[in-house]
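The values are calculated or read from the model by the stated rules, or taken from the named source; none is laboratory data. Keep in mind that this is a model prediction, so the values were computed, not measured. Backbone-built Cβ (ideal geometry, glycine too); neighbour counts: all protein chains shown. Only protein heavy atoms, including side chains, enter the accessible area calculation; ligands, DNA and RNA are left aside. Shrake-Rupley method; radii C 1.70, N 1.55, O 1.52, S 1.80 Å.
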Amino acid sequence: MLNSAVTMGQLQQKLDLIANNMANAGTNGYKTRGAEFSSLLYQQINNQQHADEEIGRLTPNGIRIGSGARLGATNLNMTEGAILTTGRDLDVALLEKNQFFQVLVTENGVQQTQYTRDGSFSLQPVNNGESLMLVTKAGYPVQGENGPILLDPSTEEVSITSDGIVQGKTNGVIFEAGQLQVVQAIRPRLLEAKGDNLLGLPENVNVNVGDILQVVANNTTRLKTGALEASNVDIAKEMTEMIMVQRAYQFNGRSISMGDQMSGLINQLR
């Protein structure tokens, strides 16, 4: 009963993970998250009062009980999603695996860099309308080579080239407003979900950023303009896995019910 109760709690977490994947099937650049289970350590319980009197015993003294299973790790599936053409000038899709746009996020007054593959950008007025800033769908500043990318409000047209250069056009003159700074994830499994379709470095873990992420040289950045990367969620696979997890949950629940019935029968013995 204890094993089943522990395992049911962990299975619920996997169900939540699957539900999150399915809910983000239409989220641009979303990466599927998978769960890996591991068995908890067995415990040796010495309940033999006169073990020395047991002659010919072939099994170890006492009994061994497990503690169920736990969610060992949550892994990101970094497989690229399909490229969808939108025709919008500020939509860009990364064409290389494990590459991300950098986003500046401010939480509780602290700024930190996070990462996304969602290239649906827009312009947002800042500094009382004195400038336009390139931001994500959620309003976070997109990081360029020299920080956030700013443009003059008089800019008539804005577009992004296939090598990540943000261009503006004023009075028929084209100028460069900045360069998108793309990073390559060397160890993408260490990244964790931060919300708003963003990934970040794990907290309270002593790691060197350079060992996980490296800035991609500007002349090697490959983008597809006027397009977005779709989610890599496989709905059929997620539905199949959800059914399997639900059956496992029901099985463990039935184990608890049967254990309770057996305990009731034992209590009725005279």
Checklist entry - Before we move on, is Q179 under 25 Å from N75 (Cα atoms), in contact with a strand residue (DSSP E or B) (Cβ under 9 Å, 6 or more places away or on another chain) and at pLDDT 90 or above? => result no
Checklist entry - Which one is most open to solvent (accessible area, probe 1.4 Å) among residues in the stretch 114-129 that are free of Cβ contacts under 8 Å to residues at least 40 places away in the same chain and outside any loop (DSSP other than H, G, I, E, B)? => result P125
Checklist outcome for this item: The correct count of residues that are part of a loop (DSSP other than H, G, I, E, B), open to solvent by 30 Å² or more (accessible area, probe 1.4 Å) and closer than 20 Å to Q112 by Cβ in the stretch 140-171 is 3
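Against the condition at pLDDT 85 or above, in a strand (DSSP E or B), of a type in the set (S, T, N, Q) and open to solvent by 50 Å² or more (accessible area, probe 1.4 Å), how does Q184 come out, does it pass? Spell out how you get there, then give the answer.
Working: at pLDDT 85 or above: yes; in a strand (DSSP E or B): yes; of a type in the set (S, T, N, Q): yes; open to solvent by 50 Å² or more (accessible area, probe 1.4 Å): yes.
Spelling it out, Q184 is indeed at pLDDT 85 or above, in a strand (DSSP E or B), of a type in the set (S, T, N, Q) and open to solvent by 50 Å² or more (accessible area, probe 1.4 Å).
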Next on the checklist: Scan the stretch 189-208 and tell me whether some residue there is surrounded by 18 or more Cβ atoms within 10 Å (Cβ to Cβ), of a type outside the set (A, V, I, L, M) and more than 14 Å from Q99 (Cα to Cα).
Outcome noted: yes
Checklist entry - Since R222 meets every condition but one in (1) open to solvent by less than 50 Å² (accessible area, probe 1.4 Å); (2) touching an Asp or Glu at 6+ places or on another chain (Cβ under 6 Å), which condition does it not meet? => result (1)
Item to check | the stretch 86-107, residues that are of a type outside the set (D, E), part of a strand (DSSP E or B) and over 14 Å from S231 (Cα atoms) | outcome: V92, Q99, F100, F101, Q102, V103, L104, V105, T106
Next on the checklist: Could you check the stretch 11-44 and list, in sequence order, the residues that are assigned to a strand (DSSP E or B) and at pLDDT below 65?
Outcome noted: S39, Q43, Q44
Item to check | Residue pairs meeting the criteria (Cβ under 6 Å; at least 6 apart or on separate chains; first touching a residue at least 12 places away in the same chain (Cβ under 8 Å), in the stretch 130-153; second open to solvent by 50 Å² or more (accessible area, probe 1.4 Å) and hydrophobic (A, V, I, L, M, F, W, C)) | outcome: S131/L150; L132/L123; M133/L150
Checklist entry - When only residues in the stretch 197-256 that are over 18 Å from the mean Cα position of the chain (by Cα), assigned to a helix (DSSP H, G or I) and of a type in the set (K, R) count, which is farthest from I186 (Cα to Cα)? => result R254
Item to check | Pair list, Cβ under 7 Å, 6 or more apart: the stretch 173-184 residue without any contact (Cβ under 8 Å) to a residue 12 or more places away in the chain, other residue open to solvent by less than 60 Å² (accessible area, probe 1.4 Å) and aliphatic (A, V, I, L, M) | outcome: E176/I165
